[in-house]
1. Please compute, over every Cα-Cα pair in the chain, the percentage with a separation greater than 40 angstrom.
2. Work out, step by step, the length gained on full extension between residue 179 and residue 252: first 0.36 nm times the residue separation, then minus their alpha carbon distance; give nm to one decimal.
3. May I ask which residue of 160, 173, 126 lies farthest towards the positive end of the charge dipole of the range 122-173, with charges of +1 (Lys, Arg) and -1 (Asp, Glu) on Cβ and the Cα centre as origin?
4. Take each of the peptides 192-204, 333-345, 417-429, average the number of other beta-carbon atoms within 10 Å over its residues, and list them starting from the highest.
5. On a 0 to 90 degree scale, rounded to 10, what angle separates helix 135-150 from the longest Cα axis of the chain?
6. Taking every DSSP beta bridge that has both residues in the chain, what percent is antiparallel when rounded to the nearest 5?
7. Can you give me the accessible area per residue for the range 115-269, using a 1.4 Å probe, in Å²?
8. On a 0 to 90° scale, report how tilted helix 298-318 is relative to the longest principal axis of the chain, with both axes built from alpha carbons and the result rounded to the nearest 10.
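The values are calculated or read from the model by the stated rules, or taken from the named source; none is laboratory data. If you're wondering where the values come from, they're calculated on a predicted model, not measured in any experiment. Every residue, glycine among them, receives a Cβ derived from its backbone with ideal geometry; neighbour counts consider all protein chains shown. All accessible areas refer to the heavy atoms of the entire protein, side chains included, with ligands and DNA or RNA removed. Shrake-Rupley method; radii C 1.70, N 1.55, O 1.52, S 1.80 Å.
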Amino acid sequence: MNPPTLSRPAVGVRSPARYGHGVSDLTPPADRAALLTEARALGPELVALRRELHRVPEIGLDLPITQSLLLDALEGLGLEVSVGKALSSITAVLRGGRPGPAVLLRGDMDALPVSEDTGEEFASSHEGVMHACGHDLHMAGLVGAARLLAARREELPGSVVFMFQPGEEGYHGARLMIEEGVLDAAGERVVAAYGVHVFSAHLPAGVVSARPGPLMAASDQLFVTVRGKGGHGSKPHLAADPVPVAAEIVLALQNAVTRQFDAFDPVVVSVGRLAAGTVDNVIPETAELDATVRTFSRENHAAMPERLTRLAENIALAHGLTAEVRYERGYPVTVNDAAEVERAARVTREMFGEAGWFDLPDPVAGAEDFSYVLEEVPGAYVFVAAAPPELDPETAAYNHSAQARFADDAVLSSAALLAGLALDRLAEG
């Protein structure tokens, strides 16, 4: 997941600053109390697992150490466990004692190429690699959910698929797991899917937040090479200068965003790299620009390659130059099902009290490959605030930072919430 920047509450929306809590402070209704009580009882082993995973982070699709630790943690739960072929994923199926549908719970496994600078006693032992996005908490939380649900096997009306997924950080791991059959691992297509993501900042610890519809952006990449003719800087008329053409393309990209797309269905195009030439008095042969493209609807996501390619190619052509354009698809828009977000809000409030839920007013411009799952089945992806209690969430380091720190308590609340969502959906039949 890309670094998040959450919107502040809109006018009339309750401020999250009034609603922070830690899992140890919660007083849930009786019907959800058992899950929280059991999650707390599992606390020492889940926190120990989280810290062990944090010490040995791995990047990408091949995570052998992480996979081995998780397989050991799932041992003895009576799950049907299989591992991936194209990636070191784990799919574990819990068969309930009563007939019913199947639901999916997901936790991502991979880390980031970041050198940790947190000072934690369980800091990464792998140089240049860190669980800076909290995936160690996701994995331990999902193991906790598996333990909570396995203890209820006999009364469980259906099956639960636990999706331990490598390669979320840009490697399309969810898509690969779908291709390998994770959505049908129980012998039938899952009817709903749920996932959580911890945040190290912004909201008070323990607050769960989400919104229906677009939750996170699609993220693509645009690469343009403008080709001209080099020459001496004193005689530009004898050359075909690609630099001003590239500059014009940069500006035109911004105009396209404001003039070709609905202001209420935003598009963000940010040029992060612009490169040309070697010295001041030589007109180069080429100029290059790289941009990230963020969209919040499937319609705009589909339209971007043709529109941006046409813009770059035709601006270059107008000046007698050419533009080579490469457009690379990233992750799709993460779209939450409205009914499943209502479920998540209700289960959260029942479990953590009214203070535990915050209606997120705006989508987040980061991207997430759980979007592939939500393109296939309805579900909800929710955020769990996890700033350590000694830090101010307004100033704490964000996800992806070398200083990002996460409260251990988030593992317990995530485990209980995921289990609660699965039980609530299965009860519908």
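1. Values: 21282 of 91806 pairs.
When all Cα pairs of the chain are counted, 23 percent exceed 40 Å.
2. On the way: separation 73, 0.36 × 73 = 26.28 nm, distance 3.83 nm.
This chain segment gains 22.4 nm when fully extended.
3. 160
4. Values: 192-204: 25.5, 333-345: 20.4, 417-429: 22.6.
Averaged packing, sorted descending, gives the order 192-204, 417-429, 333-345.
5. 30
6. Details: 46 of 69 bridges.
If we restrict to bridges inside the chain, about 65 percent are antiparallel.
7. On the way: 5600 Å² over 155 residues.
I get 36 Å² per residue for the range 115-269.
8. Relative to the chain, helix 298-318 is tipped by roughly 10 degrees.
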